[in-house]
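One structure below.
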Amino acid sequence: MWFRLSFQIKLFIYLVVLFVTLFSGAGIYYYQDVERQLYEDLGMRAKVQAEEIALIPSLIREVENKDISQINRLMSNISAHSDASYMVIGDSDAMHLFHSIYTDRVGQTLVGGDNAEVLAGKSITTIRLGGIGLSLRSKAPIFNAEGKVVGIVSVGYLISHINNLTVAKTIRILLAAAAVLLALFAFSWFFSRSIKKQMFSLEPRDIGLLVRQQKALMESIYEGVIAIDSQERVVVVNQAAKKLLNLTVPSRELRGQQLSQVIAAVSFFNPQVMLEKDIHDEICLFNNLTVIASRVRIMLENQLQGWVITFRACSDIDRLSIQLSQVQRYADNLRVMRHEQLNWTATLAGLLHMGRYDEAIRYIEAQSENAQEILDFVSARFCSPRLCGLLLGKYARAREKGIGLEFDPACEITRLPAALSETELMSVIGNLLDNAIEATLLRGCEAGPVEVYIVGGKDELVIEVADHGVGITRERREEIFSMGVTSKPEGDHGLGLHLVASYVSHAGGSIEVSDNPPTGAIFSVFIPIDVGASDNPAEFLQPEKRK
């Protein structure tokens, strides 16, 4: 059965093979270098000894006289104090006069074939096969007083002896190297295990699979995703983010760039705020694109590693909001019409049963006239069909809840602001009306109607919604525009007024909140008709109330 080694074992084996290979190469080189150095040193030592012995006066005299006993006495003492493998003295005829190892060779011819140069007066160092084996030897001529060569001095080191010295030195070095190698093996094992821990005990193939899965996951996300490090440098950016921001450069070129080079600076990327808290679903302006963005800090062991920023175009949310609003409006209208139709039918049935036919006719005419009157007013005063549908739906919803919705006779919109889309305008008006209706319901049956004033002048659009509900204290008038702040006891609330503030801010407008004596609140919105959007989302609240 085929067995797959783990990353830790493979890394350990690779390191061991690498270290063994390096030490083997180093050992071979060192052995050869030691051997070469020994040959040079011992050759020089043999030459020095041979030349010095050849200069001894007593030896010169005894060699010249061929006094073997005196030569033997002198050379035995010298050879005993030398580390040479052997010493040999020969005469001018290349015959043995002394041999430090084999005394029986006295009188025999010197072997090796290298005596002619020495007898000619030249010192030599050679490797030759002599009488006791292959050796490194140096020969020096012995001159008498007249300068004539009378003998030969040969000092040699057996090659086997040199090899033993080389091996001994190499073994000592290899033992130290083996200790170092064992230490490297231990280091390799702990190093590979440490690497494995840092990879969360994952194999490289598993890491590669995770990277591919992460890339596929990032590219499958419909929202734009940008990850930045603690220095605000881009680490990851998916294709959806590049498409939303109109970035055409490859992703690899974006990595490492400062975030300010990818997205124009906005308050959403204020460094102080980024360090303090995370933000979810905030409406921002990224490269002239209105988006809903979230920012989350990445913390590892209480250390900031960076942030993950996700965002999506507001147009997508607006489209869904429109669809949901239409469905809700249709459902509300149908429910109201059903209730009213049941009431009308019951009233007509009662009048007809009692035989009051004239009153039944007048009742039908009154109901039709009231519905037609509000329909004609809204249709004639507002240029946007969608806005008309929204206002009629809110009117029907308020009636169902028992609340009057009164339009100021001066209401009229002939054109929309340049910096505010139709969808955004509908969101602003719809959320203000919903807020007023809910505030009125909290007060109960004592509350009066909700009053609406919407006028598009030459320079600005004015939207004013007044209710007679519970009112808003001065302390809460700024915080009600923050995400998640609501006075409602239950339900998914806290987004409507935040969206209103964001849209108005981006259109360069302002919002004022004031009291509506004796009780209630008035929301006044002022949006320039032809002025572009503001760059600072915090400017939607004005310090002074406009006249």
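Given their separation in residues at 0.36 nm each and the Cα-Cα distance between them, residue 260 and residue 410 gain 49.3 nm when the chain is fully extended. With the highest mean first, a sort of the peptides 508-520, 428-440, 145-157, 175-187 on other beta-carbon atoms found within 10 angstrom per residue produces 428-440, 145-157, 508-520, 175-187.
The residues neighbouring residue 256, those whose beta-carbon lies less than 15 Å from its own, together hold a net charge of 0 under the Lys/Arg +1, Asp/Glu -1 convention.
Sorted on the mean count of surrounding Cβ atoms within 10 Å across their residues, most packed first, peptides 353-361, 390-398 read 390-398, 353-361. Between residue 182 and residue 279, the FRET efficiency from the beta-carbon distance, with R0 = 56 Å, is close to 0.50. Compute the FRET efficiency between residue 301 and residue 270 as 1/(1 + (r/R0)^6), taking r as their Cβ-Cβ distance and R0 = 25 Å, and round to the nearest 0.05. E(calc), rounded to 0.05, equals 0.45.
Cβ neighbours within 10 Å, averaged per peptide: list 454-460, 92-98 in order, most packed at the top.
92-98, 454-460
You can think of it this way: the chain between residue 455 and residue 83 has 121.8 nm of extra reach, that is 0.36 nm per residue less the Cα-Cα gap. Residue separation of residue 48 and residue 33 scaled by 0.36 nm, minus their Cα-Cα distance, works out to 3.1 nm of gained length. Legend: residue pairs 139/169; 394/458; 242/277; 10/197, Cα-Cα distance threshold 21 Å; pairs beyond threshold, 139/169; 394/458; 242/277. Note on region 222-314: semi-axes of the ellipsoid equivalent to its C-alpha gyration tensor, largest first and rounded to whole Å, are 19, 16, 11.
Work through the residues other than residue 154 whose Cβ is under 9 Å from its Cβ and net out their charges, Lys, Arg +1 and Asp, Glu -1.
+2
Taking the Cα centre of each part, how many Å lie between region 56-75 and region 132-152? Centre-to-centre distance over Cα atoms comes out at 13 Å.
Taking Lys and Arg as +1 and Asp and Glu as -1, the other residues whose beta-carbon sits under 12 Å from that of residue 51 total +3. The alpha-carbon atoms of region 8-165, seen along their principal axes, cover 80, 27, 25 angstrom, with the largest extent given first.
Each Lys and Arg contributes +1 and each Asp and Glu -1, all at the Cβ; summed about the Cα centre of region 8-165, the dipole is approximately 340 debye.
Since every read-out is calculated from the coordinates, none of them should be taken as a lab result. What you see is a predicted model, and the numbers here were worked out from it, not measured in a lab. All Cβ positions, even for glycine, are placed from backbone atoms using ideal geometry, and neighbour counts span all protein chains on display.
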